[in-house]
Amino acid sequence: MTYVYDCDHRHDLPLPEVKRIVGSKAANLTVMAVELGLPVPPAFTISTAACRGYLGGGWPAGLDDEIRAHMARMEETVGQRFGDPADPLLVSVRSGAPVSMPGMMDTILNLGLNDATTAGLAATSGSPKFAANCRKRFEAMFRDIVGVEDVPEDPWEQLRAAVEAVFRSWNSDRARAYRRREGIPEDLGTAVTVQAMVFGNRSVDSGTGVLFTRNPATGEPALYGDVMFNAQGEDVVAGTHRTEPIAVLDERIPAVGRELRDYAVRLEHYHRDLCDIEFTIEHGRLWMLQCRIGKRSPQAALRIAVDMAEDPDFPLTRAEAVERVAAILADPPTRTTERGDVGPALTRGLPASPGVAGGGIVTSPDAAVAAAEAGRTVILVRRETSPDDVHGMARAAGILTSTGGLASHAAVVARGWGIPAVVGAAEVAVREDGIVVAGRELRAGETITIDGTTGEVFAGLVAGAAEVVPEAATLLAWARDLGIPIGAVGTAPPAAGPALAPSAERGAAATRTPDDMLRALLVKGYATPEGAATALLMSTEEATALLDRLVADGLAEHAAGSFRLTADGKAVGGERIAEDREAWGIDSAEAALDAFLALDGRMKETVTAWQMRTGDGEATFNDHTDAAYDAEVLRRLASLHGDAVAWLGPLEAGLPRLAAYRERLARAAEAAAAGDGRYVASPRVDSYHGVWFELHEDLILLAGRSRAAEVAAGRA
């Protein structure tokens, strides 16, 4: 088996398949180097198969020889030798999963430095200070990531240890938390790219930066991002240093500014989408280090879709634009049009991710998780965020940082998750027990509101009015003209197969109460009116009326295009679940959860089989071109469904509302069997897996437990 590939290797495979083999980062390096001829430092990549082999049984046989052979080719290309004390070749070691996981795994820069090579770098660069700075950075990263106190002198030993550390970072807590939040399969593994170093910290005409080809918060068609001069890449994304807007390149190094704009256009046209680019400038020469499809806010996604489809020179049709954002159009984002009279803002930072969010102050990710578990809405305030904070970021209503730019970790993750965020609010000082904003002390738990559209921060809870963004109307009109259905996402599947028998639940839909909606939102976390209607087997109009009533009673709130419970709502919802538990009996609830787990294992295996296939000992994405394979997976789903109904049916006598899950599972199973594969596991419809997950959450609550505790016990 081949484990290592040069970045200019022509795989002659579709891009998704190349990403499966060498990871998204390396696949996109190949696009830039081979397909577009952009300046990319020489590199080679150790495949995801090597990572899976290492995690499963140790360092793969023959991998050392392959690495040395590819390093020799890199040495020939750059005219330097790895470990040469006279003129050393230094490398970066970077992770790269098949699915982008920004900042979740590890990177080491300047690898190959020891006493001898540091002296050589000082001599060739003419700057002992530069060489010492590189050595200091390398050793700090190496100790932090590899986990050793003494950095080896042997560059080859350094390289082996770094590669192993990146492999292990696939299973780090932060990477696992991110995959759970994003629904990324656990068994993909990460590739490792070893790339010749180019130095943004070499001189005043050197620098590093991250840019988006359009504004990922608003969709505005202009380069958007951060640059730092005389710095290395980690300085920009870490959020620990003050950056400058990308436009300053036009003043400082105008030739590089022109090149970047040209490359941005070419990359957008190639990928037919917003691109996220990392680059380094060394002595005025531009090097491209990474390109990937950029995460963007829902508001930006709509504007970008409209602008690209209306541009006669851009390769995106109106139909493709609508289909790309159909899920967002089912409940389009809003923008604030007016705000109540709350006085002046406490401070202002950079508007990193649009939307308004209010909640109690927490200053650590663990505190955010604890507050969310207790039913409180919070704003996570940090000096900056790091990948280690993602578990708390995922549970916060909004994020505020005192440092960092528009391409910092906090900004990128918040936009990708649709969480309002303000970054770089320099007047915010973060303490363990609260924050100080421009001299005003606010303790942990006190309420603040952030506006990720304007960058403003307010004391207290700020109310206001909002309207649907105008691009939604344009796209909805296109959808009508093109006959593309919008609004069906998250509703019942189309009729297929034998008709469902009438049920008491359908008859009871008209008598649903606010308590039923409280339970549904407590289980789902958040829901659109359409999604809530599907969960309760009722019309969207009836669901909307119940949701509006909960909002009027202060039990629910509208956030990011959906509804969720307030702290009071979660408390009342918890009381209703407790009443269910008492009526059903704790022994019955615990027995139901225990019985569910045996079926849950089969469910996880079935969904994994639907998404991934195994052949020749390797897992590959299921492209659903093998009808026989898919039919076998659907047969397994049907068998599971039969057993699930047999188990669930008798439970309804003790807790009648469980019948709604049985009916939703039946709908999804029928739609999947009729050929609509979305109803196996897609989050965009009321899929079998989605209903199953909600049933599991409900059973956990009924048993008086938490999902976190179940995960810790190996039961979820």
Quiz item: Within segment 259-282, which residues are over 23 Å from the mean Cα position of the chain (by Cα) and among the basic types (K, R)?
Solution: R261, R266
Quiz item: Within segment 94-108, is even one residue at pLDDT 95 or above and either out of contact with any Ser or Thr (no Cβ under 8 Å at 6 or more places or on another chain) or open to solvent by less than 40 Å² (accessible area, probe 1.4 Å) (or both)?
Solution: no
Quiz item: Considering G360, G355, which residue is closer than 30 Å to T401 by Cβ and more than 22 Å from the chain's Cα centre (by Cα)?
Solution: G360
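Condition check ((1) touching a Lys or Arg at 6+ places or on another chain (Cβ under 9 Å); (2) surrounded by fewer than 18 Cβ atoms within 10 Å (Cβ to Cβ); (3) in a strand (DSSP E or B)) across all residues:
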{"site": "R415", "(1), (2), (3)": "yes, no, no"}
{"site": "A429", "(1), (2), (3)": "yes, yes, yes"}
{"site": "V436", "(1), (2), (3)": "no, yes, yes"}
{"site": "F458", "(1), (2), (3)": "yes, no, yes"}
Quiz item: Of A122, A132, which residue is surrounded by fewer than 15 Cβ atoms within 10 Å (Cβ to Cβ) and not in a strand (DSSP E or B)?
Solution: A132
Exercise. Scan segment 79-93 residue by residue and report those that are open to solvent by less than 50 Å² (accessible area, probe 1.4 Å) and of a type in the set (A, V, I, L, M).
Key: L89, L90, V91, V93
Exercise. Only residues in segment 1-16 that are in contact (Cβ under 8 Å) with a residue 60 or more places away in the chain count as the first member; pair them with residues that are hydrophobic (A, V, I, L, M, F, W, C) and open to solvent by 80 Å² or more (accessible area, probe 1.4 Å), Cβ under 6 angstrom, at least 6 apart or cross-chain, and list the lot.
Key: none
Quiz prompt | Residue satisfying all of: in segment 11-59; of a type in the set (S, T, Y) and not in a strand (DSSP E or B); surrounded by the fewest Cβ atoms within 10 Å (Cβ to Cβ) among these | solution = Y54
Quiz item: Can you tell me which residue in segment 337-367 is surrounded by the most Cβ atoms within 10 Å (Cβ to Cβ), limited to those that are modelled with pLDDT under 90 and in contact with an Asp or Glu (Cβ under 7 Å, 6 or more places away or on another chain)?
Solution: V356
Quiz item: Scanning for something touching a residue at least 40 places away in the same chain (Cβ under 8 Å), within 24 Å of D516 (Cβ to Cβ) and open to solvent by 40 Å² or more (accessible area, probe 1.4 Å), does segment 609-618 turn up at least one residue?
Solution: no
Practice problem: Report, by residue number, each residue of segment 377-408 that is touching an Asp or Glu at 6+ places or on another chain (Cβ under 7 Å), open to solvent by 20 Å² or more (accessible area, probe 1.4 Å) and either at pLDDT 90 or above or not in a loop (DSSP other than H, G, I, E, B) (or both). | Solution: R382, T403
Exercise. With a cut-off of at least 3 residues that are open to solvent by less than 40 Å² (accessible area, probe 1.4 Å), name the helices (runs of 4 or more DSSP H) lying wholly within segment 637-716.
Key: 659-673, 678-681, 688-702
Exercise. Look at segment 235-253 and say how many of its residues are at pLDDT below 75 and either open to solvent by 70 Å² or more (accessible area, probe 1.4 Å) or under 19 Å from T213 (Cβ atoms) (or both).
Key: 4
Practice problem: Determine which single condition D623 fails, assuming it passes every other condition in (1) open to solvent by 30 Å² or more (accessible area, probe 1.4 Å); (2) assigned to a helix (DSSP H, G or I); (3) of a type in the set (D, E, K, R). | Solution: (2)
Quiz item: Using beta carbons and a limit of 6 Å, which pairs, at least six apart or on different chains, have the first residue in segment 690-716 and farther than 20 Å from L655 by Cα and the second one modelled with pLDDT of 90 or more?
Solution: R707/I700; E710/I700
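The values are calculated or read from the model by the stated rules, or taken from the named source; none is laboratory data. Everything numeric in this text was worked out from a predicted model, so none of it was measured. Positions of Cβ are generated from backbone atoms using ideal geometry, with glycine treated the same way; all protein chains shown enter the neighbour counts. Note: areas computed on protein heavy atoms with side chains; ligands, DNA, RNA excluded. Shrake-Rupley method; radii C 1.70, N 1.55, O 1.52, S 1.80 Å.
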